[in-house]
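The values are calculated or read from the model by the stated rules, or taken from the named source; none is laboratory data. This structure is a prediction, so every number in the text was calculated from the model and none was measured. Neighbour counts are summed over all protein chains in view; Cβ atoms, including those assigned to glycine, are modelled from backbone coordinates with ideal geometry. To get the accessible areas, we keep the full protein, side chains included, count just its heavy atoms, and leave off ligands, DNA and RNA. Shrake-Rupley method; radii C 1.70, N 1.55, O 1.52, S 1.80 Å.
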Amino acid sequence: MDFEREYKSLYRPLCLFALQYTNQLDDAEDIVQQTFADVWEKICEGMSILNLKAYLYQAVKNRSILYASQERAESFDADIPEEADITDDERIQLAERDARLWTAIDQLPDERRRIFLLSKRDGLKYQEIADELHISIKTVENQISKALKALRETAIRIYTFLFVN
């Protein structure tokens, strides 16, 4: 088993999976990092894990639920929303889909990625982006259009790979 390869391929999806329980990225990352550290320690002690991916998802889920329940116990806010009615498999699929999307966004050219994130993640209007970056609105429009095209092409490749074989 190549633990480093597994870490690199599963870290982001596991963080997004944990985020569904914790609602805080820093907390989700802490949970995933601690889970990997604990699993590595168990492997070094001789424990054999047949399906590392399934083991990690279950361990992250358990830690995330424990964390979320401790957070709720510490909070006096009675208006905490109830968990969505989705299965673990659906949560895993969502986390893996989101990880593929963020990987595709990470692969955009630097300036295009920055413009795209200012628009889609930060909610800035095209004029605000143009003003902040000292570029024309037309450049903002073109870069976002190119980013969306690249992300659509990535989505089509993923869909084709998964479902058309």
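Before moving on, here are some points about what is shown:
- Only one of Ser9, Ser64, Ser69 that is more than 16 Å from the chain's Cα centre (by Cα) and of a type outside the set (A, V, I, L, M, F, W, C): Ser69
- Checklist (1) at pLDDT below 90; (2) within 30 Å of Arg152 (Cβ to Cβ); (3) in contact with a helix residue (DSSP H, G or I) (Cβ under 9 Å, 6 or more places away or on another chain) applied to Asp89, failing item: (3)
- Looking across region 107-126, the residues that are part of a helix (DSSP H, G or I), open to solvent by less than 70 Å² (accessible area, probe 1.4 Å) and not β-branched (Val, Ile, Thr) come down to Arg112, Arg113, Phe116, Leu117, Leu118, Ser119.
- Filtering region 127-163 to residues that are open to solvent by 80 Å² or more (accessible area, probe 1.4 Å) and at pLDDT below 90 leaves Lys149, Arg152, Glu153, Ile156, Arg157, Tyr159, Phe161, Leu162, Phe163.
- Being under 22 Å from Leu19 (Cα atoms) and not hydroxyl-bearing (Ser, Thr, Tyr) is a property that Ile86 has.
- Residues of region 1-31 that turn out to be among the small types (Gly, Ala, Ser) and under 13 Å from Ile65 (Cβ atoms), as a count: 2
- Flag for Phe17 being aromatic (Phe, Trp, Tyr) and more than 15 Å from Ile92 (Cα to Cα): no
- Unmet requirement for Tyr67, which otherwise passes all of (1) open to solvent by less than 80 Å² (accessible area, probe 1.4 Å); (2) on the phi > 0 side of the Ramachandran plot: (2)
- Scanning region 1-60 for residues that are open to solvent by 90 Å² or more (accessible area, probe 1.4 Å) and of a type in the set (Ser, Thr, Tyr) gives a single hit, Ser48.
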